[in-house]
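Input: a single structure, listed below in structure tokens.
The values are calculated or read from the model by the stated rules, or taken from the named source; none is laboratory data. Note that the structure is a prediction, hence the values are computed from the model and not measured. Cβ sites come from the backbone with ideal geometry, for glycine too, and all protein chains shown count toward neighbours. Surface accessibility is based on the protein's heavy atoms, side chains included, excluding ligands, DNA and RNA. Shrake-Rupley method; radii C 1.70, N 1.55, O 1.52, S 1.80 Å.
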Amino acid sequence: MRPILNYRDVSDNVVYKMSNAVNRKSPITPLAIQSVVRDYKSLKDLSSSLNAKRNTRSMIGDKIKKLGQEKNQQALIACLEEAKTLKEEISQLEKTVSELEQNLLDTALLIPNDTHPNSPLGPESSAVTLSSHGPSPEPASPHRDHYAISQSLGLVDFENAGIVTGASWYYLKHEAALLELALTNYAMSVAMKHGFTPIMTPDVVKSDVAKRCGFQPRDQSDPLKSQVYHVDSHLSSSSPKLILSGTSEIPLAGLCANQLYPKSSLPLKMVGLGHAFRSEAGARGADTRGLYRVHQFTKVELFAVTTENESDRMMEEMKNIQIAIFDGLGFPFRVLDMPTEELGASAYRKYDIEAWMPGRGNWGEISSLSNCTDYQARRLSIKYQRPVVNQQGTSTHENIYVHTLNGTAAAIPRLIVALLENGATFDENSQLTGLRLPDVLRPFWLGQPAQRNIIQWV
């Protein structure tokens, strides 16, 4: 279904829309946003003219029938000529309207969502710390570098993954493989306790669905550089373009596309398990080392659909679920209210959660949470029925766009980094001896090789 955007809102708030795009470092220019206002007015004028001509054509058709019955040949010929001219004018006008509609939509789709008034203004450094959790941070130390720890304990194989696939790919081995399974099921279990329905999502999605969710398949600074992996199709050239999903938020949002929900069914809460694929991994210097920035990772994603009045409350509920998950893992972390330049196109407001990673000597993002309001719903046609009473006092309903929210419950490699760097144990000679893991993972642990005894549960 074609996206239905609120052009009137853009026209009525064009100054805000332009400044908002600038504050968010959006690729769309103020001039382009102004063109949306101009084209919307032109479209309304042309559509009005088109409807008038169609109405005239209908009246001429009735007149032709009447003249035919009266056998008024001269008047009939004149009417037929007028009808022919009108048909050509309508055909040309329909083509013009169609082209203008498409151009208007293509441009308007690039306008980012509005921004929450409490979101900080500026770059990443302007983020506001909302809360801090967990124990006191360990001092930064190269001994706690997760790459060195993983190599010493034989947990991750980057070398052979590089041969098989390339840089920024990896094999998880031994306890690291079991750790992924435990983290995945632990995060899923916490979400399910809070009423989220478990869903296994497809890893391949249509490129169009990703765009409607607010993901751009190309780097705006370098149009030739793709941010996603494109799937070569062996079907016909008319087949939909497919990509590997960058997050299970995309297939979860797509699952709700073209739906009309009764109000009583909301909020709709889902927790999806899938793989995330990021082709831009390895583009940020020191982040290329180890597991912090990789091309593929397992991800547990929270996704919610609410009414327009409930999304703020749902965002706080989802944040509390994320805090509960990471509190159980026992490392220091903080919750940030992210500034305008860090908001993706779809986010009205975004919280990030960062864990202290002493081996990296810095805080590292492990989770994000976004309220997308009706940005995705308008593009994917997701609505709910709201009961109303009309002027005659009769009960009826109106169809309203929902609000959507998404948040990371567990991005597995980042959590492994935090657990390795905070949980590594050393002897008096600073020699690595093993790994402390939080006891909340123990019920989800499948066991470990008999010859290895490196895990301590705390």
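Going through region 83-123 one residue at a time, which ones are assigned to a helix (DSSP H, G or I), open to solvent by 20 Å² or more (accessible area, probe 1.4 Å) and among the hydrophobic types (A, V, I, L, M, F, W, C)? Write out each step before concluding.
To start, the set of residues in region 83-123 that are assigned to a helix (DSSP H, G or I) comprises 83-108.
Now drop any that are not open to solvent by 20 Å² or more (accessible area, probe 1.4 Å), which leaves 83-85, 87-89, 91-96, 98-103, 106-107.
Within region 83-123, ALA83, LEU93, LEU100 meet the criteria.
Go through region 330-352 residue by residue and tally those that are of a type in the set (A, V, I, L, M, F, W, C) and either within 17 Å of the chain's Cα centre (by Cα) or at positive phi (or both).
Residues of region 330-352 of a type in the set (A, V, I, L, M, F, W, C): 331, 333, 335-336, 338, 343, 345, 347.
Subset that is either within 17 Å of the chain's Cα centre (by Cα) or at positive phi (or both): 338, 343, 345, 347.
Total meeting the criteria: 4.
Considering every residue within region 364-386, establish whether at least one is modelled with pLDDT under 95 and either more than 32 Å from the chain's Cα centre (by Cα) or open to solvent by less than 50 Å² (accessible area, probe 1.4 Å) (or both).
So in region 364-386, the residues modelled with pLDDT under 95 come out as 386.
Filter once more, so that each one left must be either more than 32 Å from the chain's Cα centre (by Cα) or open to solvent by less than 50 Å² (accessible area, probe 1.4 Å) (or both): none.
No, that holds for no residue.
What are the residues in region 17-36 that are without any contact (Cβ under 8 Å) to a residue 12 or more places away in the chain, within 18 Å of GLU341 (Cβ to Cβ) and part of a helix (DSSP H, G or I), if any? Break it down stepwise before answering.
Let us first name the residues in region 17-36 that are without any contact (Cβ under 8 Å) to a residue 12 or more places away in the chain, namely 19, 22, 29, 31.
Those left that are additionally within 18 Å of GLU341 (Cβ to Cβ): 19, 22, 29.
If the condition is that a residue be without any contact (Cβ under 8 Å) to a residue 12 or more places away in the chain, within 18 Å of GLU341 (Cβ to Cβ) and part of a helix (DSSP H, G or I), then SER19, VAL22 are the ones that fit.
This table checks each residue for (1) at pLDDT 80 or above; (2) over 28 Å from PRO3 (Cα atoms).
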residue	(1), (2)
GLY61	no, yes
ILE64	no, yes
GLY68	no, yes
GLU81	no, yes
LYS84	yes, yes
LEU100	yes, no
LEU109	yes, no
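Could you run through region 431-456 and say how many residues are open to solvent by less than 60 Å² (accessible area, probe 1.4 Å) and either outside any helix (DSSP H, G or I) or in contact with a Lys or Arg (Cβ under 7 Å, 6 or more places away or on another chain) (or both)?
Number satisfying all stated conditions: 11.
Could you say whether any residue in region 37-59 is touching a Ser or Thr at 6+ places or on another chain (Cβ under 6 Å) and in contact (Cβ under 8 Å) with a residue 40 or more places away in the chain? Let's see the steps before the verdict.
Taking region 37-59 first, the residues touching a Ser or Thr at 6+ places or on another chain (Cβ under 6 Å) are 37, 40.
Those still in the list that are in contact (Cβ under 8 Å) with a residue 40 or more places away in the chain too: 40.
Yes, region 37-59 contains at least one residue that is touching a Ser or Thr at 6+ places or on another chain (Cβ under 6 Å) and in contact (Cβ under 8 Å) with a residue 40 or more places away in the chain.
Does VAL97 count as farther than 29 Å from GLY274 by Cα and not assigned by the TED database to the domain that holds PHE277? Can you show your working first?
Working: farther than 29 Å from GLY274 by Cα: yes; not assigned by the TED database to the domain that holds PHE277: yes.
The answer is yes for VAL97.
Which residue out of LEU273, LEU302 is under 19 Å from THR404 (Cα atoms), open to solvent by 20 Å² or more (accessible area, probe 1.4 Å) and aliphatic (A, V, I, L, M)? Give the derivation first.
Values: LEU302 fails: open to solvent by 20 Å² or more (accessible area, probe 1.4 Å).
The unique qualifying residue is LEU273.
Among the residues in region 137-152, are any open to solvent by less than 50 Å² (accessible area, probe 1.4 Å), in contact with a His (Cβ under 9 Å, 6 or more places away or on another chain), modelled with pLDDT under 95 and in the same structural domain as MET357 (by the TED database)?
At the first step, the residues of region 137-152 found to be open to solvent by less than 50 Å² (accessible area, probe 1.4 Å) are 141, 144-146, 148-150.
Keeping just the survivors that are in contact with a His (Cβ under 9 Å, 6 or more places away or on another chain) gives 149.
Retained after the next criterion (residues that are modelled with pLDDT under 95): none.
No: zero hits.
Is there a residue being open to solvent by 40 Å² or more (accessible area, probe 1.4 Å), in a helix (DSSP H, G or I), assigned by the TED database to the domain that holds LEU260 and of a type outside the set (Val, Ile, Thr) anywhere in region 321-330?
Taking region 321-330 as the starting set, the residues that turn out to be open to solvent by 40 Å² or more (accessible area, probe 1.4 Å) are 324, 327, 330.
If we keep only those that are in a helix (DSSP H, G or I) too, we end up with 324, 327.
Those still in the list that are assigned by the TED database to the domain that holds LEU260 too: 324, 327.
Now narrow it down to the ones that are of a type outside the set (Val, Ile, Thr): 324, 327.
Yes, because at least one residue in region 321-330 is open to solvent by 40 Å² or more (accessible area, probe 1.4 Å), in a helix (DSSP H, G or I), assigned by the TED database to the domain that holds LEU260 and of a type outside the set (Val, Ile, Thr).
Rundown of residues vs (1) touching a residue at least 40 places away in the same chain (Cβ under 8 Å); (2) more than 30 Å from TYR186 (Cα to Cα); (3) part of a loop (DSSP other than H, G, I, E, B), yes/no style:
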position	(1), (2), (3)
ARG360	yes, no, yes
SER367	yes, no, no
ARG379	yes, yes, no
VAL417	yes, no, no
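Determine whether VAL294 is in the same structural domain as PRO413 (by the TED database), open to solvent by less than 20 Å² (accessible area, probe 1.4 Å) and not in a loop (DSSP other than H, G, I, E, B).
Judged against the criteria, VAL294 is not a match.
Take region 149-180 and flag every residue that is free of Cβ contacts under 8 Å to residues at least 60 places away in the same chain, out of contact with any Asp or Glu (no Cβ under 8 Å at 6 or more places or on another chain) and not in a loop (DSSP other than H, G, I, E, B).
GLN151, ASP157, GLU159, ASN160, ALA161, GLY162, ILE163, VAL164, ALA177, listed by residue number.
Among the residues of region 200-232, how many are at pLDDT 85 or above, under 29 Å from LEU329 (Cβ atoms) and open to solvent by 40 Å² or more (accessible area, probe 1.4 Å)?
Result for region 200-232: 3.
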